[in-house]
1. Can you tell me how many residues within region 175-217 are of a type in the set (Ser, Thr, Tyr), in a helix (DSSP H, G or I) and surrounded by fewer than 24 Cβ atoms within 10 Å (Cβ to Cβ)?
2. Which members of region 7-31 meet the condition of being open to solvent by 50 Å² or more (accessible area, probe 1.4 Å) and either farther than 13 Å from GLY56 by Cα or free of Cβ contacts under 8 Å to residues at least 12 places away in the same chain (or both)?
3. Taking region 87-123 as the region of interest, how many residues are under 16 Å from the mean Cα position of the chain (by Cα) and part of a helix (DSSP H, G or I)?
4. Scan region 60-85 residue by residue and report those that are more than 16 Å from the ligand (Cβ to nearest atom) and open to solvent by less than 50 Å² (accessible area, probe 1.4 Å).
5. Go through region 130-166 and report how many residues are in a helix (DSSP H, G or I) and away from the ligand (no atom under 16 Å from the Cβ).
Amino acid sequence: MNNFVLTALRRDVLEANRAIPAAGLATLTWGNVSGVDRDRGVYVIKPSGVPYDELGPEHLVVVDLESGSVVAGDLRPSVDSETHRRLYTAFPSIGGITHTHSTYAVAFAQARRDIPVLGTTHADAFNGPIRCTPDLTEAQCATQYEYNTGQAIVDLFEAFGDDPLEVAAALVASHGPFVWGRTATESLKQAVICEAVAQMALHTLALNPSTTAPPHLLARHFTRKHGSGAYYGNPDAAAQPSTR
Ligand SMILES: [Zn+2]
């Protein structure tokens, strides 16, 4: 494997992994980010068990998308590597994945509840609830556990017909969130938003367990930021403040 051609992807994955603790999404070494190079059929992922502040580009592991074999790197990949691989092979439109055990998203996963769309903060980023998988069975845990974790998410999207780029996240029951995007950096940003909307939803449900938001309002918020009719932001002014 020619490492040179993966330089930009390695940088993107490294920076996204290093951003996890600063974003308040992880304790110790929990969590991992990967990014895929579809042309070369590989993804770059955090190694298993290396602290974020010691993580360098040389530690990242390059894995073959088809076989799951390590093709470059001296360390073992994240134990969740096979979950990432299953999501990349099932969802061709995605380019990066972030997995964390962030507190509020995990609370919903442990309660085995979807994160409902209760307002515009959620609707700006996710065009529907962030769904929670059923529990993995004993057989699913006994062999190919990490691959089966990814499969549980894939099954969820097939069951509901969700577009993985419109709802770029899922909760695995009794475990936590897997979040993705077009790039590793975008998946990290979506993971931050997932955690924020989980926190807001928990407080909202405590105040009013039966609250809902008007569907037309939610649809308006998603479509003004995403898709062909989007008009949010200023493409030529990247530094523009983003407050609404
Ligand atoms: Zn995990």
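The values are calculated or read from the model by the stated rules, or taken from the named source; none is laboratory data. What you see is a predicted model; the values in this text were computed from it and never measured. Every residue, glycine as well, gets a Cβ built from its backbone with ideal geometry; the counts of neighbours run over all protein chains shown. The accessibility values were calculated without ligands, DNA or RNA, using every heavy atom of the protein model including side chains. Shrake-Rupley method; radii C 1.70, N 1.55, O 1.52, S 1.80 Å.
1. 2
2. Scanning region 7-31 gives THR7, ALA8, PRO21, ALA22, GLY24, THR27, LEU28, TRP30.
3. Residues in region 87-123 being under 16 Å from the mean Cα position of the chain (by Cα) and part of a helix (DSSP H, G or I): 11 in total.
4. LEU60, VAL61, VAL62, VAL63, ASP64, LEU65, GLY68, ALA72, GLY73
5. Result for region 130-166: 10.
This table checks each residue for (1) within 16 Å of the ligand (Cβ to nearest atom); (2) under 17 Å from PHE91 (Cα atoms).
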{"residue": "ALA168", "(1), (2)": "no, yes"}
{"residue": "GLY181", "(1), (2)": "no, yes"}
{"residue": "ILE193", "(1), (2)": "no, no"}
{"residue": "ALA198", "(1), (2)": "yes, no"}
